[in-house]
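The values are calculated or read from the model by the stated rules, or taken from the named source; none is laboratory data. As the structure is a computational prediction, the values presented were derived from the model and not from experiment. Note that each Cβ is placed from the backbone with ideal geometry, even for glycine, and that neighbours are counted across all protein chains shown.
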Amino acid sequence: MIVLGVDPGTLITGYGVLEGRGGKFRILECDAIRNENTLSMPLRLERIFERLTTVIEKYHPDEFAIETAFYGKNAQSALKLGHARGAAMLAAVMRELPTTEYSPREVKKAIVGSGAASKEQVQYMVKTLLHMKTTPRFYDTTDALGVAICHLHRRATEHGKFKDWKAFVKANPKRVVSKSKP
């Protein structure tokens with residue numbers, strides 16, 4: 001199964017295309033769509049839509065997964081995030097891709113094991129799980145890959161492969177990274 005994972009934002013939208021087979025993942029592409037803050041909102045949204053459409057046409061993912069809006073203290077930021085999510089989801093819907101949304105806590109729990117994990121912890125685990133040699137420039141890129149991993153885990157669980165996270169860990173002990181004590 002090929003999944004396009006997206007971490008939306010109007011200035012930086014991260015995306016990652018993963019192929020998942022037999023519990024193993026392969027990165028097909030990952031990057032960030034960067035917009036200048038001087039660019040108008042409609043043009044930012046157009047760039048997000050067009051770039052994701054190009055990625056969809058190139059890789060023909062089976063499904064699309066996106067992080068839900070996180071509402072902090074700033075309503076204006078949440079509104080802008082909603083615009084970016086809409087542009088990204090429209091690219092998927094226009095290509096008739098099944099679309100699933102995951103909360104930031106859900107993604108963090110799937111990747112790190114804790115819904116309160118930091119961006120650095122998510123980045124470390126994504127790099128480890130995907131055997132990445134270099135670190136992507138933006139957390140948005142590793143967050144998007146995390147969304148795709150979360151989705152692939154969920155699909156495996158839904159299809160009866162693993163009933164829960166504990167069952168996955170038991171079946172994949174070499175894929176779980178633990179901190180060694182000095």
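Quick notes on this structure:
- When the stretch 35-54 is filtered for residues that are in contact with a helix residue (DSSP H, G or I) (Cβ under 6 Å, 6 or more places away or on another chain) and part of a helix (DSSP H, G or I), the ones remaining, listed by number, are L45, I48, F49, L52, T53.
- Qualifying residue in the stretch 39-57 (condition: of a type in the set (G, A, S) and surrounded by 21 or more Cβ atoms within 10 Å (Cβ to Cβ)): no
- For the stretch 9-27, the candidate set comprises residues that are farther than 13 Å from A88 by Cα and in contact with an Asp or Glu (Cβ under 6 Å, 6 or more places away or on another chain); within that set, the residue that is surrounded by the most Cβ atoms within 10 Å (Cβ to Cβ) is V17.
- Some residue of the stretch 63-80 being assigned to a helix (DSSP H, G or I), within 15 Å of the chain's Cα centre (by Cα) and of a type in the set (A, V, I, L, M, F, W, C): no
- Here E57 meets each of (1) part of a helix (DSSP H, G or I); (2) at pLDDT below 95 with one exception, condition (2).
- Scope the stretch 118-132; condition closer than 11 Å to V107 by Cα and among the hydroxyl-bearing types (S, T, Y); matching residues: none
- Filter result for the condition that a residue is modelled with pLDDT under 95 and surrounded by fewer than 14 Cβ atoms within 10 Å (Cβ to Cβ), over K80, K73: K73
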